[in-house]
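Chemist: Sharing a structure, written as structure tokens. Questions coming.
The values are calculated or read from the model by the stated rules, or taken from the named source; none is laboratory data. These numbers come from a predicted model, not from an experiment. Here the Cβ is made from the backbone with ideal geometry for all residues, glycine too, and neighbour counts use every protein chain on show.
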Amino acid sequence: MDQSLLEVNDLTKIFGEASQKQKKQVVALQHFNAVISGTTPKIITIAGESGSGKSTLANLILGFIKPSFGTIMYKGQDVSSFDKGEMLTYRREVQAVFQDPYSIYNPYYCVEHIFDIAMHNFKLTDDKQKKRDLIEDALNLVGLKGENVLRNYPHQLSGGQLQRVMIARAYMLKPNLIIADEPVSMIDVSLRAMILEIMMKLKDEYGISFIYITHDFSTAYQISDEIYLLYHGMTVEKGNTVKVINNPHHLYTKDLIASIPTIDEKWEGHIEVTEDLESDRGQLKPTPTFMEVEPKHWAVLS
Amino acid sequence: MKKTDFVENTGVEVLAEDGCKKRPPKDNPWKNSRLIIGTIILGILIIIAFVGQLFWDKTLVNVGSSPLNLPPVGNEYRDQIGNWAHPLGTDNSGRDILALVLVGLPHSLGIGFVSATIGLTIGIIFGFSAGYLGGRVDDVIRLLSDTTMNIPALLILIIIQSLIPNAGFFAMALLLAVFAWQSPTRVLRAQVLSMKHADYVKLAQLSGSPDQEIMFKEMMPNLMPFLISQLTAGTSYSVLILVGVEVLGLGSQKIPSLGITLNNAINASAILRGMWWWWGIPTIILIVVFMCLLLITVGLDEVSNPRLRDH
């Protein structure tokens, strides 16, 4: 049997629980299930509006916050049971690229710093020449040269350069999975394609899977294999990206996809979220039942 | 405050040179007038004190080393005319005021600085742990600092000083440090709390950096101007308490200091006797020192908090 790389079961995160009783509870993510295969690398899109739980999911997988219940299994082992050494391995193998390339760099240090701390903590190599080769190799992959970026301070580089350096850093660590939390939303359109191409290349040539978090359907359509649509923390539709986007079934997905403006016609529609759907916000609900609407395409039918 | 002269002048110059609008050169926050003036005056005072000690006879601080009740140069007091042998005059026990100032100023400032450094070091360790680690550690540190913060330092020091009358330099600095760590702890905790969620901290966590490296290598360098301003504010606070204790007559009588000189002047009713130089000169020096420390603190605050800047 093919061992899964990452398996997420019934993952739920409720904010404002336990000690803060008066505080209103907010269910940021609920009953999230997903499997990433260990043999065939994939790009999986997590899409949804702001506040739908996309970034909560990223933070949960990266271990920045703990799940309220549900498990994250990495190579068949529960992430929450990892000891220090295992956690360090997990940290190296599951990397991330964040949304804002300007705030991710410590303004006090040169860009080189992010490579140095990763090298040092993960003990990649002690040899100076080897270090330089590793960094140079990673930077070349994203179309940059070490001499042009490494000795610069973050504010001296453009957003596109900074984001590519981020990807180079993630690549240098030879991870199995990269969580890309809206990696292109702050980058101008001309550089967007370049970053997406690098992601595709990393997937195809180096076998790195991606969890691509976005609210942008066109880029998701372009690069991803599977898509999960989140609505108020709930998965409402999932499956093959092409099938889901071409043939949406859930009411919310339909609205969302219909709202994408196209370049050749004037957008006449308007988004109206029905009262019914809005009142659900932030409440824990029973596990949703998915209907298979067509092969490799499931939806919660309301 | 209005725009500083610095910016206005450059703006005008650039305009006159090119005849067209040009952006003024990038403002350097470190070049704010308060910081510069405070540092220069305090620097001059400290240099004078140390250089002066080389050229002026330090034994003149001893009782009976000089004529009694001599006024400063050019003044007359009870048939005595001030002369250059004792330019700032002498007190009623024959101590030279200039020598007292030269020896006393570095002493008082030194104790204040050492105690503020100790206090800040404790504050950094506690503040960073409380803010970054949170949970129980935070609870304990907050409880400790909040409760001890409300104890009036002067009161406790008066009691301790009456038990240990002749505390030396480091003993005194340590005593003062007991009251100097709470404020930096609280302020740093707040700073760390807001910085903890910065993206670069996240990245360091992803890079496997241990907590202490994130605290002291990622966060602390960005707080540098803030830390220095805490140090000067702490120094000023410690010197104030030190002088307060000494004026009450509880400091070590072995080492001459500005506070002890004031205490002697009060005991000898220098004000009633019209010996203004005896209490006036140390007071003016203390005022200048406090103003310099305040200017430096405010100036550094401007560096670390852009919202306080003039424009």
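Chemist: If we only count helices (runs of 4 or more DSSP H) wholly inside the range B:161-223, which ones have 3 or more residues that are more than 14 Å from chain A (Cβ to nearest Cβ) and of a type outside the set (Ser, Thr, Tyr)? Write out each step before concluding.
Modeler: Values: elements: B:169-177, B:182-195, B:199-206.
Once the helices (runs of 4 or more DSSP H) in the range B:161-223 are filtered for at least 3 residues that are more than 14 Å from chain A (Cβ to nearest Cβ) and of a type outside the set (Ser, Thr, Tyr), what remains is B:169-177, B:182-195.
Chemist: Report whether or not B:ILE158 is part of a helix (DSSP H, G or I), away from chain A (no Cβ under 14 Å) and farther than 30 Å from A:ASP100 by Cα. Spell out how you get there, then give the answer.
Modeler: Numbers: part of a helix (DSSP H, G or I): yes; away from chain A (no Cβ under 14 Å): yes; farther than 30 Å from A:ASP100 by Cα: yes.
Judged against the criteria, B:ILE158 is a match.
Chemist: Still on this structure, please answer the following. Give the residues of the range A:223-250 that are among the β-branched types (Val, Ile, Thr) and closer than 16 Å to A:PHE210 by Cα, sorted by residue number.
Modeler: Restricting attention to the range A:223-250, the residues satisfying the condition of being among the β-branched types (Val, Ile, Thr) are A:223, A:227, A:235-236, A:241-242, A:244-245.
Answer for the range A:223-250, where residues must be among the β-branched types (Val, Ile, Thr) and closer than 16 Å to A:PHE210 by Cα: A:ILE223, A:ILE227, A:THR241.
Chemist: B:LEU240 - would you say it is more than 14 Å from chain A (Cβ to nearest Cβ) and over 20 Å from the mean Cα position of the chain (by Cα)? I'd like the intermediate steps shown before the answer.
Modeler: Numbers: more than 14 Å from chain A (Cβ to nearest Cβ): yes; over 20 Å from the mean Cα position of the chain (by Cα): no.
No, not satisfied.
Chemist: So which of B:LEU54, B:LEU15, B:LEU42 ends up being part of a helix (DSSP H, G or I), at pLDDT 85 or above and surrounded by fewer than 16 Cβ atoms within 10 Å (Cβ to Cβ)?
Modeler: On the way: B:LEU15 fails: at pLDDT 85 or above; B:LEU42 fails: surrounded by fewer than 16 Cβ atoms within 10 Å (Cβ to Cβ).
Sole residue among the options that is part of a helix (DSSP H, G or I), at pLDDT 85 or above and surrounded by fewer than 16 Cβ atoms within 10 Å (Cβ to Cβ): B:LEU54.
Chemist: Of everything in the range B:263-287, what is among the hydrophobic types (A, V, I, L, M, F, W, C) and loosely packed, with under 14 Cβ neighbours inside 10 Å? Give them in sequence order. Can you show your working first?
Modeler: Taking the range B:263-287 and keeping what is among the hydrophobic types (A, V, I, L, M, F, W, C), we get B:265-266, B:268, B:270-272, B:275-279, B:281, B:284-287.
Residues satisfying the conditions are B:ILE271, B:LEU272, B:ILE284, B:ILE287.
Chemist: If you take just the helices (runs of 4 or more DSSP H) that sit entirely in the range A:181-273, which of them hold at least 1 residues that are within 16 Å of the chain's Cα centre (by Cα)? So that I can check it myself, show each step before the final result.
Modeler: On the way: elements: A:189-206, A:217-223, A:241-246, A:251-258.
In the range A:181-273, the matching helices (runs of 4 or more DSSP H) lie at A:189-206, A:217-223, A:241-246.
Chemist: Ok, one more. Could you please find all residues in the range B:226-262 being part of a helix (DSSP H, G or I), touching a helix residue (DSSP H, G or I) at 6+ places or on another chain (Cβ under 6 Å) and not aliphatic (A, V, I, L, M)?
Modeler: Taking the range B:226-262 first, the residues part of a helix (DSSP H, G or I) are B:226-247, B:258-262.
Subsequent filtering for residues that are touching a helix residue (DSSP H, G or I) at 6+ places or on another chain (Cβ under 6 Å) retains B:226, B:228-236, B:238-239, B:241-247, B:258-262.
The answer is B:PHE226, B:SER229, B:GLN230, B:THR232, B:GLY234, B:THR235, B:SER236, B:SER238, B:GLY244, B:GLU246, B:GLY259, B:THR261.
Chemist: May I ask you to say which residue of A:LEU139, A:LEU173 is more than 14 Å from chain B (Cβ to nearest Cβ) and surrounded by 20 or more Cβ atoms within 10 Å (Cβ to Cβ)?
Modeler: On the way: A:LEU173 fails: more than 14 Å from chain B (Cβ to nearest Cβ).
Criteria check complete, one pass: A:LEU139.
Chemist: Checking A:ASP280 against (1) within 23 Å of A:ASN9 (Cβ to Cβ); (2) surrounded by 14 or more Cβ atoms within 10 Å (Cβ to Cβ); (3) at pLDDT below 80; (4) touching a Ser or Thr at 6+ places or on another chain (Cβ under 9 Å): exactly one of these is not met. Which one?
Modeler: Here A:ASP280 clears every test but (4).
Chemist: Go through the residues of the range B:228-236 one by one and say whether even a single one is more than 14 Å from chain A (Cβ to nearest Cβ), touching an Asp or Glu at 6+ places or on another chain (Cβ under 7 Å), among the small types (Gly, Ala, Ser) and surrounded by 22 or more Cβ atoms within 10 Å (Cβ to Cβ). I'd like the intermediate steps shown before the answer.
Modeler: Step one: of the range B:228-236, the residues more than 14 Å from chain A (Cβ to nearest Cβ) are B:228-236.
The next check asks that each one be touching an Asp or Glu at 6+ places or on another chain (Cβ under 7 Å); those that pass are B:229.
Narrowing the set further to residues that are among the small types (Gly, Ala, Ser) leaves B:229.
Next cut, surrounded by 22 or more Cβ atoms within 10 Å (Cβ to Cβ) only: B:229.
Yes: the range B:228-236 contains one or more residues that are more than 14 Å from chain A (Cβ to nearest Cβ), touching an Asp or Glu at 6+ places or on another chain (Cβ under 7 Å), among the small types (Gly, Ala, Ser) and surrounded by 22 or more Cβ atoms within 10 Å (Cβ to Cβ).
Chemist: Next up: So A:ASN9 clears everything in (1) within 20 Å of A:ASP181 (Cα to Cα); (2) touching a residue at least 60 places away in the same chain (Cβ under 8 Å) except one condition, right? Which one?
Modeler: (1)
Chemist: From the residues in the range B:129-160 that are in contact with an Asp or Glu (Cβ under 9 Å, 6 or more places away or on another chain) and among the hydrophobic types (A, V, I, L, M, F, W, C), which one is surrounded by the fewest Cβ atoms within 10 Å (Cβ to Cβ)?
Modeler: Of the residues in the range B:129-160, the ones in contact with an Asp or Glu (Cβ under 9 Å, 6 or more places away or on another chain) are B:129-133.
Restricting the remaining residues to those that are among the hydrophobic types (A, V, I, L, M, F, W, C) gives B:130, B:133.
Details: B:ALA130: 25, B:LEU133: 15.
Step by step, filter the range B:129-160, then rank; the result is B:LEU133.
Chemist: Here's another thing I want to ask about it. Select from the range A:94-111 the residues that are within 9 Å of another protein chain (Cβ to nearest Cβ) and farther than 19 Å from A:SER55 by Cα and write down the one among them that is nearest to the chain's Cα centre (by Cα).
Modeler: A:TYR105
Chemist: Out of the residues in the range B:61-80 meeting the condition of being closer than 15 Å to B:THR261 by Cβ and touching a residue at least 40 places away in the same chain (Cβ under 8 Å), tell me which one is surrounded by the most Cβ atoms within 10 Å (Cβ to Cβ).
Modeler: Filtering the range B:61-80 for residues that are closer than 15 Å to B:THR261 by Cβ and touching a residue at least 40 places away in the same chain (Cβ under 8 Å), the one surrounded by the most Cβ atoms within 10 Å (Cβ to Cβ) comes out as B:VAL61.
Chemist: Which residue pairs have Cβ atoms closer than 6 Å, lie 6 or more positions apart in sequence or on different chains, and pair a first residue in the range B:190-206 that is within 13 Å of B:GLY134 (Cα to Cα) and among the charged types (D, E, K, R) with a second residue that is at pLDDT 90 or above and part of a helix (DSSP H, G or I)?
Modeler: Pairs that qualify, where the first residue is within 13 Å of B:GLY134 (Cα to Cα) and among the charged types (D, E, K, R) and the partner is at pLDDT 90 or above and part of a helix (DSSP H, G or I), are B:LYS196/B:TYR132.
Chemist: While we're looking at this one, here's another question. Name the one entry in A:GLY146, A:GLY159, A:GLY63 that is touching a Phe, Trp or Tyr at 6+ places or on another chain (Cβ under 8 Å), more than 13 Å from chain B (Cβ to nearest Cβ) and of a type outside the set (Val, Ile, Thr). Steps first, answer last, please.
Modeler: Values: A:GLY146 fails: touching a Phe, Trp or Tyr at 6+ places or on another chain (Cβ under 8 Å); A:GLY63 fails: more than 13 Å from chain B (Cβ to nearest Cβ).
Sole residue among the options that is touching a Phe, Trp or Tyr at 6+ places or on another chain (Cβ under 8 Å), more than 13 Å from chain B (Cβ to nearest Cβ) and of a type outside the set (Val, Ile, Thr): A:GLY159.
Chemist: Can you tell me which residues in the range B:161-182 are under 21 Å from the mean Cα position of the chain (by Cα) and crowded, with 19+ Cβ neighbours inside 10 Å?
Modeler: We begin by selecting, within the range B:161-182, every residue under 21 Å from the mean Cα position of the chain (by Cα); these are B:167-182.
If the condition is that a residue be under 21 Å from the mean Cα position of the chain (by Cα) and crowded, with 19+ Cβ neighbours inside 10 Å, then B:ALA167, B:MET172, B:ALA173, B:LEU175, B:LEU176, B:ALA177, B:PHE179, B:ALA180, B:TRP181, B:GLN182 are the ones that fit.
Chemist: On to the next question. Looking at the range A:66-93, which of the residues that are at the interface with chain B (Cβ under 9 Å from one of its Cβ atoms) and either in contact (Cβ under 8 Å) with a residue 60 or more places away in the chain or surrounded by fewer than 20 Cβ atoms within 10 Å (Cβ to Cβ) (or both) is farthest from A:LEU157 (Cα to Cα)?
Modeler: Residues of the range A:66-93 at the interface with chain B (Cβ under 9 Å from one of its Cβ atoms): A:87-88, A:91-92.
Cutting the leftovers down to either in contact (Cβ under 8 Å) with a residue 60 or more places away in the chain or surrounded by fewer than 20 Cβ atoms within 10 Å (Cβ to Cβ) (or both) gives us A:87-88, A:92.
Values: A:MET87: 32, A:LEU88: 30, A:ARG92: 26 Å.
The extreme case among them is A:MET87.
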